[in-house]
Every structure is written in C-alpha cells, then in structure tokens.
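The values are calculated or read from the model by the stated rules, or taken from the named source; none is laboratory data. Since we're looking at a predicted model, the values are computed, not measured. No Cβ is skipped: glycine too gets one built from the backbone with ideal geometry, and neighbour counts run over all protein chains shown. Surface accessibility is based on the protein's heavy atoms, side chains included, excluding ligands, DNA and RNA. Shrake-Rupley method; radii C 1.70, N 1.55, O 1.52, S 1.80 Å.
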Amino acid sequence: MSERVLLRNVDVPDGHLISAYEAGGGYRALAKALREHTPDEIIELVKNSNLRGRGGAGFPTGMKWSFVPKQANKPKYLCCNADEGEPGTFKDRIIMERDPHQLIEGMAISAYAIGAETAYVYVRGEYVLAIRRLEQAIAEAHAKGYLGTRILGADFNFTVHVHCGAGAYICGEETAMLDSLEGKRAQPRLKPPFPAVAGLYASPTVINNVETLVCVPHIVSRGADWFRGIGPDKSPGPKLYCVSGQVRRPGLYELPMGIPLRELVDEHAGGALQGRKVKAVIPGGVSASVIPESGLDVRMDFDSLAAVGSMLGSAGVIVIDDTTCMVKVATRIVEFFHHESCGKCTPCREGLNWVFKVLRRIEAGQGAPDDIEQLQGLCKGIFGNTFCALGDGAAMGLRAALAHFEHEFTAHIEEHRCPFH
Amino acid sequence: MGMREKIEAAAGRYPDRRSAIMPALLIAQKEHGHLPGPVLEEVADVLGVERIWVYELATFYTLFHTEPVGMFHLQLCDNVSCMLRGAEALLAHMEAVLGIGKGGTTSDGLFTLSTVECLGACEMAPVMQVGDDYHGDLDVARIDTLLDHLRRAGSGVPLAPRAGA
Ligand SMILES: Cc1cc2nc3c(=O)[nH]c(=O)nc-3n(C[C@H](O)[C@H](O)[C@H](O)COP(=O)(O)O)c2cc1C
Ligand code: SF4
Ligand code: FES
C-alpha cells in the first residue's frame, strides 16, 4: 500500500483551505456519519476497526469512547492532544498546518459519537502557524455549517476551541493537560477517576491524539474492514512515521502499521549519511528504548515493539550513526526528562537529578568505576515508582542504552575521556 | 481590540474564567513583550481570579517571560535530532558572533539567545525559532544570513526591549 490517506492533502496547494478539502471529498464522512449512523454505531465501527491511540500508549479508541457514561447530567468534552512535545515527533504539526480540516472533521465525528458539544484542541504554543491555520479552518467550517448548531441539518451541535500551551512537556500527559486547561499548573492527576468519567471540569472527557482523530473520517468512509486490512490485525491502519536524525531523507512518511523498521530507515528514508553506518534507532520518540542496528528487523507496531522492550510511542524515529557517542545521546535524553519533570513525585524529581549528574561526569571522562552500577541502582529506584509514565520512560530508556552500549560507557570511564572526540 | 477585549473574548471560550489565564498571559505578553508584576496583576483583575493563580502559571510555563527579552529571541533547539545534525556547533557560532552566552541578551537589546527542547520540527533539524517563525536546515552560513536580516529588520525600530509601561 503506498496510497496516502492521512497525508493525501498535505502537498496540495492551499490544501489547508476548506475549498481544497471539500474538492478532495472532505466533510463527506461527517455527512455520512450524521445521516446514516447513530452515535453508538460510530463507536461500534471504531471498535471494529481496532484503531489504537496514536498518542503513544496505543489504547483502543472505540473502547475508550465506550467508557463515557451515556446518561450524564454534565456536558461532555472532547480534548484533542496536540501538545506534541515528544522529541523526534512532528506529525501532528504537519497535519494541523497543511490539513486542519481533516482534524476538524475527525473531531466532529468523534464528538458526535461520544455526545460532546465542545472540543478543545490543546496545541503547544510554539506551533504558531498550526494555531493560525486551525483557527482559520474553524471559522471556515462554521461559515459552511460543518460546525455550529444543527450541523448539516442533524440534531447535533458542536464547537471547537483552540487552547495554546505555553511550553511544558508534561502537558502532553492527558490528566496534566486537563489541569492545564483548567488554568492550573500542569501536573498529572491520580487515576481513577478516569477522564471518561470525570475529566475536564469533572465532566466526562475523551482525550485523543491528532493522528487518532484524523483516522476516524476514513474509517467512516471506507469501513472498519478496510482499516483492519492494513498492517497487523491487532494494531492496524495507516501510520505516520516521523524520521529524523542522521539519515539521508528525514521527513514524515505514511506507510502501513507494522512495516519493518529497517525498511523504513533504509528504503524510505534513504539510510545512513554518506560514508557512515546506522548504529542504533530510537523508534518512538525519546521515551522509547533505543534499538541497536542488529534489531532493526522489528516491525513498527505497538505489540512488536513492546515485545522487544521498546515501544511505538509517537513513532518519532531517530536514527543514530556510528560517528555518534551513545553516552552523549543518553545524557541529553536524561537531561530532557530531568528538565521536564513536573516535580510532583520524588523518584522522578530527585532520581533523574542524580542520574543526570552521574551521566554528565561519565561523559566528561570523570566517571568512577562503580558509576554504571550506580546508574542501574538509580533506574531501579525510579522504575515503577513514579506517578506518571515520564519517570518510567526515562529509566527504561537509560536501561536499554546501558544494556546495548555498556562498552561505550565503560570506555569513557576507563579511558577518562570520550572515545568519539 | 485592546488587551481587555481580547482577554474577555478568550474567557468566553471556557465555562470557568480560571481557564483563560493561559490565553490571557499569552495576549498580555504579545502586548508588553514580557510579563512584569503589574501586568500579571492586571490580568488577574480583568479575569477576576486570584493573583496567586496567575503568578503560578507565569512562572511554571517556559514560554512566559517575567523578565524582558531581546527584540529577537533566538531559540535554538538542541534536543537529540538537532544535536545529531550539529546544533552544538551552531550554538557556539552564535555565542561567538553575538558575544553572549546561552541565556544572554546583546547590549543593544536586539538578541536574546536560548536553547530550547524539541520544537517538533525535527525533519528540518537543526531548527531555531525566532518569534513566530521556524528556521530549519540551518548551517553557519544560513545563521549568518538570518542574523544579518534580523539586524536590518531591527534597526529603525526602537532598540530597547519592548518592556511594559
Ligand atoms: C509524559 C507524557 C507525555 C505525553 N505527551 C503526549 C503528546 O504530546 N501527545 C499525545 O497525543 N499524547 C501524549 N501522551 C499520551 C497521553 O497521555 C494520552 O495517552 C494520549 O493523548 C491519548 O490519546 P490517544 O488514545 O489518541 O493516543 C503523553 C504521555 C505522557 C506520560
Ligand atoms: S513521574 Fe515525573 S513528571 Fe510524572 S508526576 Fe512524577 S515528577 Fe511529575
Ligand atoms: S529535536 Fe530539534 S526540532 Fe526536534
């Protein structure tokens, strides 16, 4: 399959305008959903498609929607997670900049399914162009009757608001995002209650990633079987892969879920830069564990990557070549998590501070012989003991770097310098 | 629309005015360049929310500046994908050319230099955000051209940071 579904509009001139979107068949899925399906049928359809959330965790979308209570005396909310802070990830930005109507249509159908009349798109504040395009697209959609009251004559009212983030990675964690939307400092909440029951303003709330939502119109148009026919049955669909780092053709690729990582890197993205060799690849943003070159035959889907101790995450594929020091990469990743720790729990806040200190001294050639053991001990103290997945991801990533590239860490300690300098 | 009207319009999008603190701070920062105490108090007053809530957010989120920044805020990404494509050398180059370190502002108030976490544009690494704009696929030559361009755009306009009242 090399048909582009999710990215079909991104290279169309003025593809962000409603005229271009409609010309390509846009908003027909919304019309079909409203005319031919009840909300429950849409939930069933999405369940049957086996769509799993593209924000990182891979939770089944239809199941998440079905947790929203049918009878509720409070308004329900849909929140689109467009915070996209996971280093190595840029897919949601490109969708919002070049095809914002696809997202609006996805939100409208999803809101109809769960019974929400209001959606907030939480977009990271740096994405100025995406925010402008989304706001323009929302205005266009209102003018054309795809948003507003009695949409396309149906008994369905729906409005979308854009909420700008202000620079904090933790806002991408769904419950921290809700706190941020409520005007508080972003810190993860205790679960339960789950957002589907008590989320934004303690109302039933569904949070979905941009890419998850843009899959929905295509499932309505083409059917659940079509979607499930692409890639592995338990983790299917067209997928956006963000390829960056030391590779010839960095960029956004739409390919089936489950393609081999090696094919993605070597064939689609052109392989290593001139005269260099791929040493390792991070497959799902820096929260995902690094995979050494020998493991690149793994397939890019939720289950296959989990089976090798990594994860699909945000599908931010970062290619690292043989000129790069893995200690440096690991140190930079820990520095990121340390910087972005929200400070709510001690293992993450204090543990990462220590880990970063030890890594910095190893990188500088001042590591002690037992530093690797120290790092292992610190990871053990963090993993499984943190309030949210940020701390776990940091510890898991470092463990993988140590497991696959311990010799590089040891070399720094023994030679008292970085062997790559 | 003045700042007050813009903040009111933002508040109308939420059932609770506290939710409008973030949008209001962004509006105020656009207006004043940064967010000194009196501006934070004005935001709290317009929204009718606790001042402490406003202070809390202004200091929690990295895009809010409680101190003045240069007319052009050079925000170079040095996260992994940009690091792998040479961001470090670009930082060293800018530090040398501008005569300031990371976090510093040039004495003419034109440039503030910072490093930032991933900008979500790694396909064009190394990347730098200046104001609203992303500049990608950077190398030393492109940086020099960009700085020249900004210097020219900046002259003729008052050079001091656009501080509040
Ligand atoms: C620290 C952290 C950061 C996250 N950042 C994002 C993000 O930027 N975008 C996103 O969609 N999900 C992010 N997530 C996942 C969300 O919590 C949530 O699972 C997701 O938005 C649900 O949408 P989905 O089911 O459509 O994937 C993050 C999770 C954690 C723990
Ligand atoms: S693990 Fe880190 S980011 Fe998550 S709640 Fe704890 S301190 Fe905050
Ligand atoms: S790492 Fe620099 S933009 Fe993503």
TODO: Using only protein heavy atoms and a 1.4 angstrom probe, determine the accessible area buried between B and A, summed over both sides, in Å² to the nearest 100.
DONE: 3700 Å²
- [ ] With +1 on each Lys and Arg Cβ and -1 on each Asp and Glu Cβ, and nothing else charged, work out how big the dipole of the protein assembly as shown is about its Cα centre, in Debye to the nearest 20.
- [x] 920 debye
TODO: Answer with one residue from B:A96, B:M124, B:L76: the one whose Cα lies farthest towards the positive end of the charge dipole of the stretch B:72-154, charges on Cβ with Lys, Arg +1 and Asp, Glu -1.
DONE: B:A96
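Tell me, what % of the accessible area of the stretch B:63-165 is carbon and sulfur with a 1.4 angstrom probe? If you can, show how the numbers build up before the last one.
On the way: 2380 of 4450 Å².
Heavy-atom surface of the stretch B:63-165 belonging to carbon and sulfur, 1.4 Å probe: 54 percent.
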Open item on the list: If you take every residue apart from A:A111 with its C-beta less than 10 Å away from the C-beta of A:A111, what net charge results, scoring Lys and Arg +1 and Asp and Glu -1?
Closed with: 0
Open item on the list: Please list, by residue number, every one of the GluC sites (Glu not before Pro) in the stretch A:1-66 that is coil in DSSP and has at most 12 other beta-carbon atoms within 10 Å.
Closed with: A:E3
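Taking R0 as 25 Å, what FRET efficiency do you get between A:M63 and A:K144 from their Cβ-Cβ distance, rounded to the nearest 0.05? Walk me through the numbers before you get to the answer.
Working: r = 33 Å, r/R0 = 1.30.
E between A:M63 and A:K144, to the nearest 0.05, is 0.15.
What share of Cα pairs, in percent, lie more than 32 angstrom apart in chain A? Could the numbers behind the result be given before it?
Details: 32437 of 88410 pairs.
That tail contains 37 percent of the Cα-Cα pairs.
Taking beta carbons within 10 Å but only from partner chains, what does the mean come to for residues A:75-86? Working shown, then result.
Numbers: counts 1, 0, 1, 0, 0, 0, 0, 1, 1, 3, 4, 2.
Across A:75-86, the average partner-chain Cβ count within 10 Å equals 1.
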Open item on the list: Give me the inter-chain shielding for B:93-106: mean count of other chain Cβ atoms within 10 Å, whole number please.
Closed with: 0
Task: Cβ-based charge dipole, the protein assembly as shown, positive-most Cα from A:Q187, A:P60, A:P283 - done: A:P60
- [ ] Please report, as a whole percent, how much of the solvent-accessible surface of the stretch A:249-360 comes from carbon and sulfur atoms (probe radius 1.4 Å).
- [x] 50 percent
TODO: Would you work out the charge dipole size for the stretch B:72-154 about its Cα centre, treating the Cβ of every Lys and Arg as +1 and the Cβ of every Asp and Glu as -1, and quote it to the nearest 20 debye?
DONE: 140 debye
- [ ] Please identify, among B:A92, B:A44, B:A125, the residue showing maximal mean-square fluctuation in a Gaussian network model of chain B using a 10 angstrom Cα cutoff.
- [x] B:A92
TODO: With label points built 7 Å along Cα→Cβ from the Cα atoms of A:W226 and B:D144, find their separation and express it in nm.
DONE: 5.3 nm
Task: Point-charge dipole on Cβ atoms (K/R +1, D/E -1) for the stretch A:326-415, about Cα centre, debye to 20 - done: 380 debye
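Could you tell me whether the stretch A:269-416 comes out rounded, prolate or oblate from its Cα gyration tensor? Rule is a ≥ b ≥ c as square roots of the eigenvalues, rounded for a/c under 1.5, then prolate if a/b exceeds b/c, otherwise oblate. It would help to have the intermediate numbers written out before the result.
Working: a/c = 1.95, a/b = 1.16, b/c = 1.69.
Verdict is oblate for the stretch A:269-416.
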Open item on the list: Sequence gap at least 6, Cα distance under 8 Å: using those rules, report the relative contact order of chain B to the nearest whole percent.
Closed with: 23 percent
Open item on the list: I need the calculated FRET efficiency for the pair B:E67 and A:N385, taking r as the beta carbon distance and R₀ as 41 Å, to the nearest 0.05.
Closed with: 0.70
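Per DSSP helix of 4 or more residues, -39500 (n - 2.57); summed, then divided by the residues of chain A. What does that give at 222 nm, rounded to the nearest 500? Don't skip to the end; give the middle numbers.
Details: 15 runs with 175 residues, N = 421.
That calculation yields -13000 deg cm²/dmol at 222 nm.
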TODO: Could you state the accessible area per residue of the stretch A:326-415 in Å², with a 1.4 Å probe and every protein chain left in place?
DONE: 43 Å²
- [ ] Would you mind working out the accessible area per residue for the stretch B:44-83, using a 1.4 Å probe, and quoting it in Å²?
- [x] 39 Å²
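Pop out the carbon and sulfur fraction of the accessible area of the stretch B:3-60 as a percent, whole number, probe 1.4 Å.
On the way: 1280 of 2530 Å².
After summing per-atom areas, the C and S share lands at 50 percent.
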TODO: Please identify, among A:G270, A:G56, A:G397, the residue showing maximal mean-square fluctuation in a Gaussian network model of chain A using a 10 angstrom Cα cutoff.
DONE: A:G270
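For chain A, the longest stretch holding no chymotrypsin sites (Phe, Trp or Tyr not before Pro) located in a DSSP loop with at most 14 other Cβ atoms within 10 Å is which? Working shown, then result.
Details: sites that count: A:F67, A:F420.
My reading of the result: A:68-419 is the longest stretch.
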Open item on the list: What distance in nm lies between label points placed 7 Å from Cα along the C-beta direction at B:D16 and B:K30?
Closed with: 2.5 nm
Open item on the list: Can you say what percent of the DSSP beta bridges in the stretch B:72-154, counting only those with both residues inside, are antiparallel? Round to 5.
Closed with: 55 percent
Open item on the list: Given a 1.4 angstrom probe, what's the average accessible area per residue across the stretch A:147-191, in square angstrom?
Closed with: 32 Å²
Task: Dipole of the stretch A:198-252 [Lys/Arg +1, Asp/Glu -1 at C-beta], most positive-end residue of A:S221, A:G231, A:G199 - done: A:G231
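For chain A, what are the DSSP H helices with axial Cα length of 18 Å or more and mean Kyte-Doolittle hydropathy of at least 1.0?
Values: long enough: A:100-114 (21 Å, 0.69); A:128-143 (23 Å, 0.44); A:210-222 (19 Å, 1.02); A:326-340 (21 Å, 0.26); A:346-363 (25 Å, -0.32); A:389-415 (35 Å, 0.09).
The qualifying helices are A:210-222.
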Task: Minimum 50 Å² accessible area buried by the other protein chains, the stretch B:15-53 residues, probe 1.4 Å, relative to alone - done: B:P15, B:R18, B:S19, B:M22
